[in-house]
Ligand SMILES: [Zn+2]
């Protein structure tokens, strides 16, 4: 499913560098885990997914239903969404916390300022309150 998740896209790289600069250490593209998370922070038991809004069917301004082969695409995207949910359920059951960063937070006219995003992510990762198992970053 390489096409589903663009690797090493520019904003993703920037986030990674900012997290690294703040002392976070991670593994990249861990294919042995459900959904092959883009980043895994073992120390904090956190996985990170960067989701393309089209491929993962985000209901936002970046998602447009294709005019051709519409049924094919809708079915494919629905399948992707269901698979995402299965992976998330498995990871949560194994005690991982999940950070999902949607593409629309990273680019386009409604993107979130990078530092604000990384502040939010850092706060969530290091919080001692582990009762918040999921953080979703999307367009503002
Ligand atoms: Zn989106």
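None of the figures in this text is laboratory data; all of them are computed from the coordinates on show. The shown structure was predicted, so the numbers you read here are calculated from the model rather than taken from an experiment. Here Cβ is always computed from backbone atoms with ideal geometry, including for glycine, and neighbour counts include all displayed protein chains.
Some points to look at:
- Some residue of the range 14-24 being away from the ligand (no atom under 16 Å from the Cβ), in a loop (DSSP other than H, G, I, E, B) and touching a strand residue (DSSP E or B) at 6+ places or on another chain (Cβ under 8 Å): yes
- Condition met for residue 140 (within 12 Å of the ligand (Cβ to nearest atom) and loosely packed, with under 13 Cβ neighbours inside 10 Å): yes
- Long-range neighbours under 7 Å by Cβ, at least six apart or interchain, first residue surrounded by 13 or more Cβ atoms within 10 Å (Cβ to Cβ) within the range 68-80, second part of a helix (DSSP H, G or I): 80/4
- Enumeration of residues in the range 105-121 that are on the phi < 0 side of the Ramachandran plot and within 16 Å of the ligand (Cβ to nearest atom): 105, 106, 107, 109, 110, 111, 112, 117
- Residue 27 being more than 14 Å from the chain's Cα centre (by Cα), in contact (Cβ under 8 Å) with a residue 40 or more places away in the chain and closer than 30 Å to residue 128 by Cβ: no
- Residue 46 being in contact with a strand residue (DSSP E or B) (Cβ under 6 Å, 6 or more places away or on another chain), within 13 Å of the ligand (Cβ to nearest atom) and closer than 16 Å to residue 15 by Cβ: no
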